[in-house]
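The values are calculated or read from the model by the stated rules, or taken from the named source; none is laboratory data. Since this is a predicted model, take the numbers as computed values, not measurements. Cβ coordinates were reconstructed from backbone atoms using ideal geometry, including for glycine residues, and neighbour counts include every protein chain displayed.
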Amino acid sequence: MAIKPSALNESKIEKEKIKTTPLKEDKSKEIVETEEFYRKGTVTVLDLIAPSALRVAPQYLQLGDRYLRTIFISTFPRYVSVGWFVPIINFNAHLDVAMFFYPVQTKIILKQLQKQVGNLEAELSAEQEKGMPRDPLKETALRDVERLRDDLTTGVEHFFQFALYTTIYAKNEKELDTLTEKIESLFAAKLVKTRRSFYQSEQGFNSTLPLAQDELMVTMNINSSPCASSFPFISSDLTSNNGVLYGINRHNNSLVLFDRFSMPNANFIVFATSGSGKSYFCKLEVLRSLMLGTDVIVIDPEKEYKHLSDAVGGTYINISLASDSKINPFDLPQTAAKDVKTTDIIRSGVIAIKGLLKIMIGRNLEGGTKGFTPQEDSLMDRALLETYAKKDIVPGCDLTRVDPPTMSDLQEVLSGMEGGGDLVERLKKYTEGTFSGFLNNSTNVKMNNQLVVFSVRDLEDELRPMAIYTIVNYIWNVVRSELKKRILLIDEAWWLMQHEDSAKFIFALVKRCRKYYLGVTTITQDVNDFLLSPYGRAIVTNSAMQLLLKQSPAAINSVTKTFILTEGEKYLLLECGIGEGIFFAGSKHVAIKVVASYSEDQLITSDPKQLLEIEESKKEFSQNLE
């Protein structure tokens, strides 16, 4: 029997299929196994973000070395104000917050509210017929339901099922319990009731992950206004009707407009590194305060305020060895308050001069501080009282009709006292020696201008602390003599923090200045030197307003600890630009950017390049006039 060629071909094809099919299957299986083996050796995103271990307990979730707990809101009060969620957002702990909004059709809600209105009206009518006293709770509930029906009908309000969850992170179980109680207290202060996710720790954690999955499903019926007030997109607002414009709020572009004299005290402290814009900010505040009629006194260590002083017609006083401007440290307030005795004023003056003399001629005592031995301290105390008495400055005298003594008078008194020879020799450097023209003259400066600037740039570094101490003491005497709205600006205040007596003097000034309508602005770039001093930290505590501009990595830990900054605020201060930082006013603080107009910028700039351009433009203008 003959076989057709086509049949032969078909049988060959079938045989080849039988032979080749197992080979292909073996090869594809080998490829799959190789790919699986390769995947096991690769790192995925899940591997990178997954914790090392997970333990689910009834009351908390342990994620690696962290303990987590989720709490949810169970009941809202009748009324919540806008921003009620701010204390939770600003709470200094690691939190995850999740909100879920489930819209509900208006017609369904209106039908339910209609039934509720009918029930409430029926109950109130029945109670009225029975002569029962009125029920304020039911009447209030009826008014609220009626108002909500009107708002829903007109489209002013919408209705939602709302869920709010907060997951708390802690290092151990004890800390977790402490943080949970604090968070629950913050909610309770707003009359918002919360519950812990008992036996639902994992579901609570999953619900606050950025996956938009609500596994707890604990919702409340609520309209859109309370929902909107719960939004976490908030920032502190420091805009008021009166005061100085300090800058722009970087969070919401609102104006940081504030009156420092509206605070419990008008003291201001500025911390920043060199070149971060602290002098620019302070000169801007000085200029704008002058516009509002506030007197300003500046202690300028680097002659940065000369251009501003000349522009506004201020008084610029240069204090140096060769200068004609002199200040006598023995000056006393010319007019005292009626309830202040002359004895107290003289005693206060003696204490202030003794503090200056400790810096000038004090010995190096134990602990590296300069001062007097007990014998020298007692001797100097008697000598100062006798020096004042020599000029008829005694208890009961009229301070407006006497001439205060000088250092030479003190030297003369000390030379006539037993044991005063060594002090006289040390004092001669300031009365007869190199520094004789510094603090041994009668005061000839006047502070009858709205802006007065004291410059100490031309003084040697050794004399600067003494000069600043003397200037501040003189200013304090003038402030106590006449009550007026004033600002005292002390630049490079770390000079005074180097000596205990000068630091103590500034601290006393900051504490007492509020009674005399004075606000003290303290500026420093050496943050560590300032904060390591106990008086420096006390000055920070007694300053109602603070400004932190860009900080150095060496000082950021001290600043973070002192001002209780979050990690985000810490990195903001490390990475912010010139004129940017954090502005504190009492319990509020905002991220600020200092902004000036073109005219203000020309008056207050400290940039050498810009100042040179201004001077060259002035020369060109004068030449063109000629």
Count, please, the residues in segment 58-93 that happen to be touching a residue at least 24 places away in the same chain (Cβ under 8 Å), on the phi < 0 side of the Ramachandran plot and part of a loop (DSSP other than H, G, I, E, B).
15
Can you work out which of the residues in segment 32-57 that are surrounded by fewer than 10 Cβ atoms within 10 Å (Cβ to Cβ) and not in a helix (DSSP H, G or I) is modelled with the highest pLDDT?
A53
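Residues checked against (1) touching a residue at least 40 places away in the same chain (Cβ under 8 Å); (2) farther than 30 Å from G275 by Cβ:
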site: L483; (1), (2): no, yes
site: D491; (1), (2): yes, no
site: S502; (1), (2): yes, no
site: I506; (1), (2): no, no
site: Y517; (1), (2): yes, yes
If only one of S408, S455, S378 is more than 21 Å from T343 (Cβ to Cβ) and surrounded by fewer than 20 Cβ atoms within 10 Å (Cβ to Cβ), which one is it?
S408
If K570 passes every condition in (1) of a type in the set (D, E, K, R); (2) under 22 Å from the mean Cα position of the chain (by Cα); (3) over 19 Å from P301 (Cβ atoms); (4) not in a helix (DSSP H, G or I) but one, which one does it miss?
(4)
Can you name the number of the only condition in (1) loosely packed, with under 14 Cβ neighbours inside 10 Å; (2) more than 18 Å from S320 (Cα to Cα); (3) acidic (D, E) that E432 fails?
(2)
Take segment 172-191 and flag every residue that is at pLDDT below 90 and either in a loop (DSSP other than H, G, I, E, B) or under 14 Å from A93 (Cα atoms) (or both).
K190, L191
Would you please list the contacts, defined by Cβ atoms under 8 Å and residues six or more apart or on different chains, that run from a residue in segment 410-428 that is closer than 17 Å to L356 by Cα and assigned by TED's automatic domain parsing to the domain that holds L357 to a residue that is part of a helix (DSSP H, G or I) and β-branched (V, I, T)?
L410/T387; Q411/V424; Q411/T431; L414/V424; L423/I361; R426/I361; L427/I361
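Given D177, D96, which one is free of Cβ contacts under 8 Å to residues at least 24 places away in the same chain, within 30 Å of R55 (Cα to Cα) and out of contact with any Gly (no Cβ under 6 Å at 6 or more places or on another chain)?
Values: D96 fails: free of Cβ contacts under 8 Å to residues at least 24 places away in the same chain.
Exactly one of D177, D96 is free of Cβ contacts under 8 Å to residues at least 24 places away in the same chain, within 30 Å of R55 (Cα to Cα) and out of contact with any Gly (no Cβ under 6 Å at 6 or more places or on another chain), namely D177.
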Going residue by residue through segment 119-138, is there one that turns out to be surrounded by 12 or more Cβ atoms within 10 Å (Cβ to Cβ), within 30 Å of K561 (Cβ to Cβ) and of a type in the set (A, V, I, L, M)?
no
Subset of segment 58-88, residues modelled with pLDDT of 80 or more and either more than 33 Å from the chain's Cα centre (by Cα) or exposed (fewer than 14 other Cβ atoms within 10 Å of the Cβ) (or both), comes to P58, Q59, Y60, L61, Q62, L63, G64, D65, S74, T75, P77
Subset of segment 170-187 [touching a strand residue (DSSP E or B) at 6+ places or on another chain (Cβ under 8 Å) and within 20 Å of V86 (Cβ to Cβ)]:
L179, T180, I183, E184, F187
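Within the bounds of segment 241-261, is there any residue that is in a helix (DSSP H, G or I) and either out of contact with any Cys (no Cβ under 6 Å at 6 or more places or on another chain) or at pLDDT 85 or above (or both)?
Here is the first cut: in segment 241-261, the residues in a helix (DSSP H, G or I) are 260-261.
In the following step, the residues that additionally are either out of contact with any Cys (no Cβ under 6 Å at 6 or more places or on another chain) or at pLDDT 85 or above (or both) were identified as 260-261.
The answer is yes; a qualifying residue exists.
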Those residues of segment 321-335 which are modelled with pLDDT of 80 or more and of a type outside the set (K, R), in sequence order
L321, A322, S323, D324, S325, I327, N328, P329, F330, D331, L332, P333
Would you call S240 assigned by TED's automatic domain parsing to the domain that holds A508, in contact with a helix residue (DSSP H, G or I) (Cβ under 9 Å, 6 or more places away or on another chain) and over 30 Å from L611 (Cα atoms)?
yes
Residue ID - farthest from the chain's Cα centre (by Cα), chosen from residues in segment 428-458 that are farther than 30 Å from E412 by Cα and among the aliphatic types (A, V, I, L, M):
M447
Identify, please: which residue in segment 521-580 is among the acidic types (D, E) and either touching a residue at least 40 places away in the same chain (Cβ under 8 Å) or surrounded by fewer than 16 Cβ atoms within 10 Å (Cβ to Cβ) (or both) and is, among those, farthest from V595 (Cα to Cα)?
E567
Please go through segment 477-486 and give me each residue that is of a type in the set (A, V, I, L, M, F, W, C) and either crowded, with 22+ Cβ neighbours inside 10 Å or closer than 18 Å to N440 by Cα (or both), ordered by number.
V479
Among the residues of segment 254-307, how many are touching a strand residue (DSSP E or B) at 6+ places or on another chain (Cβ under 6 Å) and over 22 Å from I475 (Cβ atoms)?
6
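Please determine whether any residue of segment 604-618 is outside the structural domain of D310 (by TED's automatic domain parsing), over 23 Å from A266 (Cβ atoms) and either buried (at least 20 other Cβ atoms within 10 Å of the Cβ) or within 17 Å of the chain's Cα centre (by Cα) (or both).
Yes, segment 604-618 contains a residue that is outside the structural domain of D310 (by TED's automatic domain parsing), over 23 Å from A266 (Cβ atoms) and either buried (at least 20 other Cβ atoms within 10 Å of the Cβ) or within 17 Å of the chain's Cα centre (by Cα) (or both).
Filter segment 147-170 down to the residues that are among the aromatic types (F, W, Y) and more than 16 Å from T70 (Cβ to Cβ) and list them by number.
If the condition is that a residue be among the aromatic types (F, W, Y) and more than 16 Å from T70 (Cβ to Cβ), then F159, F160, F162 are the ones that fit.
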Top-ranked residue in segment 336-369 [being of a type in the set (S, T, Y) and under 14 Å from L384 (Cα atoms); ranked as modelled with the lowest pLDDT]
T343
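So which residues in segment 152-171 are assigned to a helix (DSSP H, G or I) and hydrophobic (A, V, I, L, M, F, W, C), if there are any at all? Working first, answer last.
At the first step, the residues of segment 152-171 found to be assigned to a helix (DSSP H, G or I) are 152-154.
Within segment 152-171, just L152 meets the criteria.
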